[in-house]
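Worksheet: the structure to be examined is printed underneath.
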Amino acid sequence: MTEILKFFIGLTVLTGALLSLVTAFGLIRLPDVYTRNHAASKSATLGVMLVLLGTLLYAYQDTGSFHSRLLLGIAFIFMTSPVAGHLISRAAYNSGVKLWGNSVRDDLAKHRKK
Amino acid sequence: MFEIVLMISLFIISLAMLGLIYRVIKGPTIPDRVVALDALGINLVSIIAIVSIFLKTTAFLDIILLIGILAFIGTVAFSKYLEKGVIMERDRNS
Amino acid sequence: MAFQILLNFFLAFIWMFLKTSYTPVTFLVGYFFGLLVIFTFRRFFHTRFYGYKIVAVIRLFLIFNRELFLSNLAVLKVILKPKLDIKPGIFALPTELKEDWEITILANLITLTPGTLVIDISPDNSILYVHAMDIDDIQEAIDGIKNSFEKAIMEVSR
């Protein structure tokens with residue numbers, strides 16, 4: 001039983017770490033703030049959620065008690081990460097960061113002009 | 001075996017943090033840096049979680065919540081500063 | 001809704017007194033039986049049975065999780081593709097939701113959908129400005145948002 005549980009813990013932690021790596025790769029590779037924000041607000045959330053889930057399973061397996069604080073942490077990150085992404089991208093747009101050169105459409109600028 | 005997997009995960013996350021630090025230093029605009037700093041905070045949370053598995057302790061679980069909250073508050077403060085030039089405003093209705 | 005929950009607690013306490021055992025397990029069993037009673041008599045209340053609302057909340061939560069996984073796969077595909085052939089852009093999305101918290105939940109859901117990110121909301125809360133990673137296949141994203149998310153949120157708020 002513990003071996004199977006350990007296997008699952010290792011799998012979730014490793015997947016979360018790989019997702020964090022993908023986030024960093026996306027942040028380096030993508031061309032402007034808005035597209036980078038896509039990578040940061042999605043992959044990072046799922047990555048850290050998986051790592052915390054693994055920790056929750058391990059703490060349960062190790063001590064036999066259910067640590068609800070980790071569950072709180074998962075819920076908190078799940079709720080706040082999209083909000084943070086939205087706030088940064090809005091601040092970027094309002095402080096005048098240009099879209100990438102290959103962007104094709106900008107309805108917001110059109111509506112602002114009216 | 002289990003410890004080796006944990007070690008590999010720690011190494012991967014440290015690599016990711018190095019990449020994010022590159023973005024913090026280079027980033028052409030300030031919002032770029034804020035995005036990277038936010039992701040750094042979130043990666044710090046996962047590093048603490050893995051270390052607490054590694055050391056077989058549950059004492060660090062409070063720190064996870066604390067750093068998550070601090071990263072979020074920092075991001076909110078940064079974005080407000082970028083948008084309005086102040087963090088706390090007197091006028092509640094704007 | 002509040003009245004039904006209060007009635008349910010009342011029934012659970014009655015169950016506890018009938019059984020003369022005051023443990024949490026008895027309370028939960030009584031709460032469950034009270035729920036059954038209220039469900040049976042649901043046509044005699046003015047408001048809807050509140051279990052439906054709980055089911056709607058759970059469904060919304062499951063939609064959240066599914067979108068998180070799907071969007072991660074989509075972002076992975078874009079990032080790991082050797083050639084960067086995306087066409088980002090910002091489009092306007094009119095919404096029918098009125099309340100502030102509904103729009104907050106919708107914006108969070110859109111941020112978690114594959115390849116979309118809310119940038120701004122018009123001052124009268126009627127239009128969301130959404131940044132899309134690839135604007136070509138945006139029509140089906142709009143349809144998905146309109147059909148599944150708005151409907152699920154309305155199901156909760158009704």
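None of the figures in this text is laboratory data; all of them are computed from the coordinates on show. What you see is a predicted model; the values in this text were computed from it and never measured. Cβ placement follows ideal geometry from the backbone for every residue including glycine, while neighbour counts extend to all protein chains displayed.
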Which semi-axis lengths, in whole Å and largest first, follow from the square roots of five times the eigenvalues of the Cα gyration tensor of the protein assembly as shown?
-> 38, 30, 18
Quick one: compute the contact order of chain A, relative version, from alpha carbon pairs under 8 angstrom and 6+ residues apart, as a percent.
-> 28
In region A:1-89, chymotrypsin sites (Phe, Trp or Tyr not before Pro) in a DSSP loop with at most 12 other beta-carbon atoms within 10 Å = A:Phe66
Any lysines whose Cα falls less than 16 Å from that of B:Lys56, other than same-chain ones fewer than 8 residues away, would be A:Lys6
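Tell me which trypsin sites (Lys or Arg not before Pro) from region B:8-62 have a DSSP coil assignment and no more than 12 other beta carbons within 10 Å of their own. Kindly include the intermediate steps, with their values, before the conclusion.
Details: sites: B:Arg23, B:Lys26, B:Arg33, B:Lys56; in loops: B:Lys56.
Listed in order of number, the matching sites are B:Lys56.
Just flag the GluC sites (Glu not before Pro) in region C:75-158 sitting in loop per DSSP whose Cβ has no more than 13 other Cβ atoms within 10 Å.
Filter output for region C:75-158: C:Glu96, C:Glu99.
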Between rounded, prolate and oblate, where does region A:32-75 land on the alpha carbon gyration tensor, with a ≥ b ≥ c its root eigenvalues, rounded for a/c under 1.5, else prolate if a/b exceeds b/c?
-> prolate
Once the piece of chain linking C:Ile58 and C:Glu150 is laid out straight, how much longer is it, given 0.36 nm per residue of separation minus the C-alpha distance between them?
-> 31.6 nm
Using a/c under 1.5 as the rounded threshold, could you call region C:1-151 rounded, prolate or oblate? The axes a ≥ b ≥ c are square roots of the C-alpha gyration tensor eigenvalues, and prolate needs a/b larger than b/c, oblate otherwise.
-> prolate
Arrange the following residues from fewest to most other Cβ atoms within 10 Å of their Cβ: A:Ser68, C:Ser122.
-> A:Ser68, C:Ser122
Cα extents of chain B along the three principal axes, largest first, in whole Å?
-> 57, 31, 13
In what sequence do C:Trp15, C:Trp101 fall when counting other Cβ within 10 Å, fewest first?
-> C:Trp101, C:Trp15
Given pairs A:Lys42/B:Lys84; A:Lys98/B:Lys84; C:Lys53/C:Lys151; A:Lys98/B:Lys26 and cut-off 24 Å on Cα-Cα distance, the over-length ones are A:Lys42/B:Lys84
Just need log10 I(q)/I(0) for region A:2-113 at q = 0.11, 0.12, 0.13, 0.20 Å⁻¹, Debye formula, equal scatterers on the alpha-carbon atoms, no solvent, rounded to two decimals.
-> -0.49, -0.56, -0.62, -1.04
Computed over the Cα atoms of region C:2-44, what is the ratio Rg over Rh, Rh following Kirkwood?
-> 1.00
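Let me know the volume per residue of the alpha-carbon convex hull for region C:79-158, in Å³. Walk me through the numbers before you get to the answer.
Values: hull volume 7.0 nm³, N = 80.
So the per-residue Cα hull volume is 87 Å³.
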